[in-house]
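Here is the structure we will look at.
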Amino acid sequence: MSVLIVLDQSDNHIKKSAYEILSYGSQLAAQIGTTAEALVLGTVNDDLAALGKYGVSKVHQVNSESLNHVDAQLYTKTIAEAVAQTNASVVVFSQTHTGKSVAARVAARLKAGLVAGAASLPDTSNGFIVRKTVFSGKAFANISIQSPIKVISLNPNSVSVVTTDGTATVDQLSIALDASKIKVTAVNKITGEIPLTEADIVVSGGRGLKGPENWGVLLDLAKVLGAGTACSRPVGDAHWRPHHEHVGQTGVQVAPNLYIALGISGAIQHLAGVNRSKVMVVINKDPEAPFFKAADYGIVGDLFEIVPQMTAEIKKLKGIA
Amino acid sequence: MKILVCVSKTPDTTSKIAFKESNTQFEEAGVQWIINPYDEWFALVRAIELKEKDPSIIIHLVTVGGADCDPIIRKALALGGDEAFRINADSNDSFFIAAQIAEIAKQNQYDLIFTGKEAIDYNSAAIGGMISELVDMPYVSLATLFELNGTTATITREIEGGEEVAEISLPVVVSCQKGMAEQRIPNMRGIMAARTKPLKVVEPAAIDTLTSIVNFELPPAKAGCKMVAADNVPELIRLLHEEAKAF
Ligand SMILES: Cc1cc2nc3c(=O)[nH]c(=O)nc-3n(C[C@H](O)[C@H](O)[C@H](O)COP(=O)(O)OP(=O)(O)OC[C@H]3O[C@@H](n4cnc5c(N)ncnc54)[C@H](O)[C@@H]3O)c2cc1C
Ligand SMILES: Nc1ncnc2c1ncn2[C@@H]1O[C@H](COP(=O)(O)O)[C@@H](O)[C@H]1O
């Protein structure tokens, strides 16, 4: 028995979401009286033994370049083999792009019940019950998993990272890999920006900014906060901002610690993509804007006056000249 | 060439989310049902566009659900599906649903299977990946572009921090999202034609259910929005920093 935690990597580094599931998986292992072990696929340049400080006793690696791209079919066979070799009874993923591509497929192969989009640690006092978000963050469901092996894919930003002072042993699993049937011909990374789904803080703009030429105020605020930038759907549709910034029901779903909405009315389809954010701040000149009902802090006013003051104030606080 | 498009019935996004029977069931009263937007706008419409280029393509639709799904299946037929299967079973377990669809897929040997990126009710993004495993095909999730060249597909998909373009020989299972196609409205001719298109009701195969919903919870009510005066921006920043510890 063990809890096997499958870590996301890209560009040869472990991703931020991986530290969250390491903490989550280790706490779960302690709760059910077993060990937590991590699985790393592909070539990774990080110090894997140091992952012990997140609570795992072993790190298993399948060190092959062919795993640097996520091919769900190849990943699934490899992970299922690792599950067999480590005798895992719970497999933990992060519900990121990689998790969405792989976790369900692994669950089907293992005939394991899946909870995708888990929000907290399972209740194992009577069975195995996992809480997950449903209806785009408007509710939770408690799901009971009945199968012997269980697969959990945890929503990013739903648990905090806990560190101890352990180290882990690192070993290479010997698993025969199939050839991938997917031929990757191009990878286009968005450079120089903080990927939206990983950002701790997101500053987002709507039609209230009036036009693409006005985005400077928003970008300045994002810069002092080290924030990712997002927009509402009409802004993306009008090409004021790139499509990948569009958040909401039809766009990207984000769950940062802080979401700052500038000139966004707060339509239900917009909220569906952002309402798992921990703290939401709204700047809107219309006191009746629906966003105020969902937000934690708000100012009724003209964003073009307020946002530069926010930026200046944060600079002062952070001691930035 | 045969394409299978998986469609599911979901509450309209503006529906009020409430529960009944001690929070064990979704309150359906007053809910407007729609085709899951990702299935309709992106998976189905892209399949229809492929058929418009190559009329020999046949589009099958499949849904796992009760008779209350028929109106959304008829709408999907009106948009442009050729024939539909409804597997007559109500379940929330992803494995059960995927395994039922995999049975249909095995019988009909599709070149392409399209799903939406996720169902907007339970948000699992799971069915496509599960089907692909059960029928042993490659799987491309979160696709934003799909081009067909003979029996090779060129697919762009979202990955962490960017996108990836790949070539794959059919068959393949693809989960579809924004970018794949543009939303359409069914026309009168389509609506008329849909009435006579076959909608086959199939009894479910014997498949285990691996999970079940114990109950639902609504998130705790927000404390309400703390309003700060427009001439007191420093107070907002102080609250965010000290009270909310947001940065
Ligand atoms: C099926 C469906 C799916 C959808 N999916 C999405 C989605 O994924 N994401 C999404 O965002 N939308 C989505 N929408 C659209 C959504 O319903 C709204 O139309 C959209 O979110 C509105 O964008 P907005 O808030 O930028 O613009 P508006 O609604 O026009 O709001 C602009 C706001 O700016 C404020 N404002 C104007 N000037 C200023 C100023 N100087 N200072 C401060 N405030 C100012 C106004 O008071 C107003 O509240 C969807 C709609 C449908 C029907
Ligand atoms: N009951 C169902 N019947 C047919 N297809 C479904 C069903 N549920 C989900 N799907 C398909 O699987 C996709 C992902 O759904 P999910 O894994 O539930 O988030 C949806 O966009 C649909 O295309």
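Each value in this text was obtained by applying a stated rule to the coordinates, not by laboratory testing. None of the values given here were measured: they were computed from a predicted structure. Positions of Cβ are generated from backbone atoms using ideal geometry, with glycine treated the same way; all protein chains shown enter the neighbour counts.
Projecting each Cα onto the charge dipole of chain A (Lys/Arg +1, Asp/Glu -1 at the beta carbon, about the Cα centre), which of A:His60, A:Ala176, A:Met310 comes out farthest on the positive side? The residue sitting farthest along the positive end of the dipole is A:Ala176.
What's the magnitude of the charge dipole for the stretch A:181-321 around its Cα centre, counting Lys and Arg as +1 and Asp and Glu as -1 at the beta-carbon? Answer in Debye, nearest 20. Kindly include the intermediate steps, with their values, before the conclusion.
On the way: 15 positive and 13 negative charges, 99 e Å.
Magnitude of the dipole: close to 480 debye.
Each of B:Phe146, B:Ile48, B:Ser124 was scored by the projection of its Cα onto the charge dipole of the stretch B:44-147, and the greatest displacement toward the positive side belongs to B:Ile48; charges sit on the C-beta of Lys, Arg, Asp and Glu.
Other protein chain C-beta atoms within 10 Å of residue C-beta, averaged over B:153-160: 5.
In units of 2.2 N^0.38 Å, what is the alpha-carbon radius of gyration of the stretch A:2-172? Could the numbers behind the result be given before it?
Working: Rg = 14.6 Å, N = 171, 2.2 N^0.38 = 15.5 Å.
Normalised Cα radius of gyration, the stretch A:2-172: 0.94.
What list do you get for A:Ser64, A:Ser101, B:Ser132 if you sort them by fewest beta carbons within 10 Å?
Numbers: A:Ser64 15, A:Ser101 27, B:Ser132 31.
With the fewest neighbours first, A:Ser64, A:Ser101, B:Ser132 line up as A:Ser64, A:Ser101, B:Ser132.
Using Cβ point charges alone (K and R +1, D and E -1), the dipole size of chain B about the Cα centre works out to roughly 740 debye. List the aspartates and glutamates whose alpha-carbon lies under 19 Å from that of A:Lys318, not counting same-chain residues fewer than 8 positions away? Output for A:Lys318: A:Asp200, A:Asp220, B:Glu235, B:Glu242, B:Glu243. Length gained on full extension, A:Val161 to A:Asn188, computed as 0.36 nm times the residue gap minus the Cα-Cα distance: 6.8 nm. Extent of the protein assembly as shown along its three principal axes (Cα atoms, max minus min coordinate, largest first): 67, 63, 51 Å. Sorting A:Asp71, A:Asp296, B:Asp39, B:Asp90 from the fewest to the most surrounding beta carbons within 10 angstrom yields B:Asp90, A:Asp296, A:Asp71, B:Asp39.
Based on DSSP H segments of at least four residues, each scored -39500 (n - 2.57), chain B has a per-residue ellipticity at 222 nm of -7000 deg cm²/dmol.
Taking every residue in B:127-140, how many Cβ atoms of other protein chains lie within 10 Å of its Cβ, on average? Neighbouring Cβ atoms belonging to other protein chains average 6 per residue here. Along its first, second and third principal axes, ordered by size, chain B spans 66, 45, 40 Å in Cα coordinates.
The charge dipole of the stretch A:76-226, taken about the Cα centre with unit charges on the Cβ atoms of Lys, Arg (+1) and Asp, Glu (-1), comes to about 700 debye, rounded to the nearest 20. Per residue, the convex hull spanned by the alpha carbons of the stretch A:119-259 comes to 230 Å³. Going 7 Å from the Cα of B:Asp54 in the Cα-to-Cβ direction, what parts of the stretch B:1-36 have a backbone nitrogen less than 15 Å from that spot? From the stretch B:1-36, the list is B:1-4. Of the cross-linked pairs A:Lys111/B:Lys178; B:Lys178/B:Lys222; A:Lys15/A:Lys132; A:Lys100/B:Lys226; A:Lys189/B:Lys117, those separated by over 27 Å at the C-alpha level are A:Lys111/B:Lys178; B:Lys178/B:Lys222; A:Lys100/B:Lys226. Overall, the ratio between the Cα radius of gyration of chain A and 2.2 N^0.38 Å, rounded to two decimals, is 1.08.
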